[in-house]
Every structure is written in C-alpha cells, then in structure tokens.
Amino acid sequence: EKELKLFEEKHPRSKALFERAKANFIDGVPMNWMVKWAGSYPIFVDRGEGAYFTDVDGNRFIDFCLGDTGSMTGHAPEGAVPAIVERIKNGVTFMLPTEDAIWVGEALTKRFGLPYWQVAISATDANRFSLRLARHITKRKYVLVFNYSYHGTVDEAFITLKDGVAESRSGNIGPQVDPTQTTKVIEFNDIEALEKALAPGDVACVLAEPAMTNIGIIHPEPGYLEALREMTRRTGTLLIYDETHTMCAGPGGYTGAYGLKPDMLTVGKAIGGGIPTAVYGFSEEVAKRMRGLISLEDSDTGGIGGTLAGNALSMAAMRATLENVLTEEAFERNIALAKRFAEGVESVIEEKRLPWIVKRLGCRTEYWFRETPPRNGGEAAAAVDFELDRYMHLYALNRGILMTPFHNMALISSQTAVEDVDYHTEVFRQSVESLLE
Ligand code: PLP
C-alpha cells in the first residue's frame with residue numbers, strides 16, 4: 001500500500017497519459033504485456049541513454065530489465081546508432097539484400113558455429129519458421145518442448161504440463177491448440193522422460209533454451225545437454241536451440257560458450273540492438289535437406305519469410321551491434337560486473353540469514369526466494385511468490401531501479417556502471433529490511 005502510494009506520487013503524468021491511451025488502446029497500452037508491471041499503471045518512457053532511462057515525469061531509472069534482453073546493448077548505443085541512422089537516411093526496405101548481409105552471415109557463423117542463416121523479424125517468427133522447416137524436413141508431427149519454457153507466441157510451444165498431461169497453456173488467446181496433435185512436453189533435466197518421448201521416432205525437433213530463462217534461470221545439470229544431443233541424433237530428431245535470452249552467456253550465446261552442436265539455432269531481441277530482427281541458422285546437414293525448400297526451385301515460399309525480414313535496416317543494426325557493441329570484450333566486462341551484482345545480493349542474503357539464493361547466467365543475474373535451485377519448470381513455477389516478487393520489484397522501482405518483472409532478474413549492459421550495481425545492493429538491503437520490520 002505504502003509503496004503503491006509512493007509510485008503514484010512519482011508518476012502523475014504517466015497516469016494521465018495512461019488514462020488518455022485507454023481511449024484507443026486496449027488496457028491503455030500498445031502491446032498488452034506493457035501493462036503487466038508492478039506499479040498501479042505503466043510508466044511512460046521519455047528517453048533512454050545507455051543503462052538508464054527517463055520517464056515522462058522526469059524520474060531517472062537504472063535499467064536492469066533492458067527490454068527483457070532486447071536492449072542488451074544499452075539504450076542508443078554509441079557503437080550502433082550512427083550506422084542505424086545512416087541506413088535510415090538511405091532507405092530501409094527494398095526486398096533486396098544489402099552488403100551488410102555478408103558481414104552479418106560471417107559473424108553469425110563465427111559466433112554460433114552454424115554455416116547457414118535466414119533472417120526473420122522477431123524471435124517468435126524465427127522459432128515458428130524453424131518448427132515449420134523441421135516438421136517438413138523430417139515429415140514428423142511432434143515438437144518437444146520443456147515445461148514452462150517460452151519461445152514466443154508459437155502455438156506448438158505454448159503448452160504446459162498439468163498433472164503430467166500436456167495441455168494448451170492457460171492465458172493462450174485464440175483457438176486452443178490440441179497438444180496431442182502438435183507437442184510433447186517434458187520437464188527439463190529429466191533424461192528418462194526425454195528418452196521416452198523420443199523413442200517412438202515421431203518427434204520432428206526439440207525446441208529448447210540450453211538453460212531455461214523464462215521461469216527463472218535453470219541451468220542444465222552436468223551431462224544433460226550431452227544426453228539431449230546424443231538422443232536427438234540417435235532418433236533422427238532435430239535439435240533447435242533458442243538463444244534469444246541465453247545470448248547473455250557470451251558472444252555466441254550458450255552454444256558458443258559451451259561448444260554445443262545444435263542442428264538449428266534461433267536468436268532474436270539483442271542481436272539487432274533492439275531493432276526488430278532475428279536470425280535462424282542451420283547445420284550443413286539440415287541445409288542439404290532443405291535445398292529447394294526455400295529457394296526459387298520451389299514455386300511457393302514454403303510458409304516462411306516476411307516482407308520486412310532481413311531488410312536493410314535490420315541488417316545494418318545487426319552488423320553494428322555485433323561489430324561494435326556486443327563484442328567479446330564487452331561480454332567479458334559485463335559478465336564480471338554481473339558477478340559483482342550476484343555477490344552483492346549474496347552478501348545481503350548471508351548477512352540477513354535469508355533462505356534465498358542467487359543464480360547467474362553470463363551477464364544476467366536473478367534472486368530466488370527459496371533455498372535450493374529448482375531443477376525444472378514445474379518446480380520453479382511452484383516456487384514463484386508473485387506477491388513478494390511484486391513487492392521487491394515495486395520497492396526497487398520507487399528507488400530508481402527497473403528489474404525484469406516477476407523474476408527479479410537483472411541484465412548488465414556495457415553502459416551499466418559499477419556504482420549502479422552497488423546501488424542495487426544497497427536498495428536490495430533496504431527492501432529486505434523493510435520486509436523484516
Ligand atoms: N525465445 C525466447 C527464449 C524468449 O524468451 C522470447 C521472448 O521473451 C522469444 C523467443 C520471443 O521473442 P519475441 O517476443 O521478440 O518474438
């Protein structure tokens with residue numbers, strides 16, 4: 001109550017804009033998730049700069065959410081803005097390639113290890129197209145996903161396990177998908193369930209994050225990804241890694257950091273520095289099986305692609321982001337700072353003897369209000385304390401810190417300063433003290 005009142009005192013102009021926006025936007029926001037924050041209404045942004053943004057009421061925030069990784073580069077990154085602006089001045093959409101494509105293709109291959117690529121507009125699209133291709137190539141019906149994973153608004157992946165049975169996820173808008181026709185769902189880190197699901201040979205592909213991030217950070221247990229690779233290979237199932245969030249593990253995502261060998265790989269959001277774009281890649285073997293599928297040899301487009309996909313702007317943005325901003329050196333620095341973030345939170349947890357833990361994946365850190373790390377989505381979902389999450393989030397927000405909502409996650413960009421991280425530790429300490437009062 002006290003924190004909500006404080007929020008409202010600080011954001012009168014956002015409130016007025018929100019009320020006006022309700023006349024033309026459902027829920028008063030142009031995209032429905034924008035309303036799902038801890039305050040009484042969404043904060044309207046004025047401008048972002050590096051690791052910070054200012055809202056329309058003049059409040060300044062340290063942004064640890066960074067567009068849920070979409071702005072991993074920091075806002076308006078100096079290394080990318082000139083190339084993006086230049087491209088805008090020279091035309092953005094031609095439905096023809098630009099020379100930047102050469103640079104981007106080579107960089108993607110170097111980072112993620114896969115030789116062939118296509119470009120989509122969003123990670124959702126890249127995943128949707130990958131599933132379509134995998135099912136077409138293998139002539140198999142099922143997609144296998146992990147419980148409580150998230151891969152965008154992809155029907156086949158918007159499925160969850162309820163009492164061991166796959167069902168369309170609650171909150172799914174539109175016609176309910178029949179999982180018996182599309183999807184198998186199992187828990188992450190469960191080798192036996194994986195073996196059982198793949199054994200009949202009817203799964204086209206496994207679509208997975210190599211470490212889960214959307215129900216909190218869940219690392220693969222030792223040997224799990226090796227087993228996943230071995231079993232998918234043995235059963236003729238394609239393995240697709242979605243690196244959209246796990247890109248935070250390093251310049252080539254988790255795949256690059258741990259030398260993984262997926263058949264296909266998708267990555268969106270950060271890859272274009274926040275400009276809508278995403279890529280999906282293929283191994284030599286998959287590319288061979290695709291020949292003719294997505295080229296002019298076939299009279300149709302194969303149900304993949306998009307008019308604005310791979311346009312001049314997105315290619316320029318990807319090139320500038322990869323060349324100048326999300327570099328190897330940047331990741332090294334940002335990961336070191338994320339460790340400091342984690343240590344800061346851990347020191348408070350220890351000092352206050354809280355039964356909480358901290359998890360980190362590359363330059364992203366998260367704290368959990370439980371004593372042991374969850375092994376899978378089901379365990380994680382059961383452990384979520386929405387009320388406490390919301391309180392901690394709002395408490396930080398009222399003191400100029402934006403965390404990723406619900407999961408208390410913080411992402412470090414190249415623009416995030418040591419002082420920002422230490423300030424977070426202090427605010428975290430105060431929020432804990434306010435709870436213990
Ligand atoms: N894949 C993963 C792992 C994600 O976390 C998300 C979004 O959060 C997506 C795909 C979809 O990204 P977008 O909403 O940009 O299409």
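Odds and ends about this structure:
- Test set (1) within 16 Å of the ligand (Cβ to nearest atom); (2) assigned to a loop (DSSP other than H, G, I, E, B); (3) within 27 Å of Ile173 (Cβ to Cβ) - Met34 fails condition number: (2)
- Selected residue [at pLDDT 95 or above and of a type in the set (Ser, Thr, Tyr)] from Thr365, Thr404: Thr365
- With respect to being within 11 Å of the ligand (Cβ to nearest atom) and surrounded by 24 or more Cβ atoms within 10 Å (Cβ to Cβ), Val279 falls outside the description.
- Arg333 over 20 Å from the mean Cα position of the chain (by Cα), under 30 Å from Asp100 (Cβ atoms) and not assigned by TED's automatic domain parsing to the domain that holds Asn214: yes
- Every residue from the stretch 111-142 that is within 14 Å of the ligand (Cβ to nearest atom) and crowded, with 22+ Cβ neighbours inside 10 Å: Val119, Ala120, Ala123, Asp125, Ala126, Asn127, Arg128, Phe129, Ser130, Leu131
- Being small (Gly, Ala, Ser), within 23 Å of the chain's Cα centre (by Cα), in the same structural domain as Glu426 (by TED's automatic domain parsing) and modelled with pLDDT of 95 or more holds for only one residue in Ala309, Ala342, and it is Ala342.
- Complete set of residues in the stretch 18-56 that are charged (D, E, K, R) and surrounded by fewer than 17 Cβ atoms within 10 Å (Cβ to Cβ): Glu19, Arg20, Lys22, Asp27, Lys36, Asp46, Arg47, Glu49
- Residue, farthest from the ligand (Cβ to nearest atom), within the stretch 235-253, restricted to residues that are within 11 Å of the chain's Cα centre (by Cα) and outside any helix (DSSP H, G or I): Glu243
- Reported count of residues in the stretch 157-166, each being within 13 Å of the ligand (Cβ to nearest atom) and in contact (Cβ under 8 Å) with a residue 40 or more places away in the chain, is 1.
The values are calculated or read from the model by the stated rules, or taken from the named source; none is laboratory data. Quick caveat, the model's predicted, so the values are computed rather than measured. Heads up, the Cβs are rebuilt from the backbone with ideal geometry, glycines too, and the neighbour counts pull from every protein chain shown.
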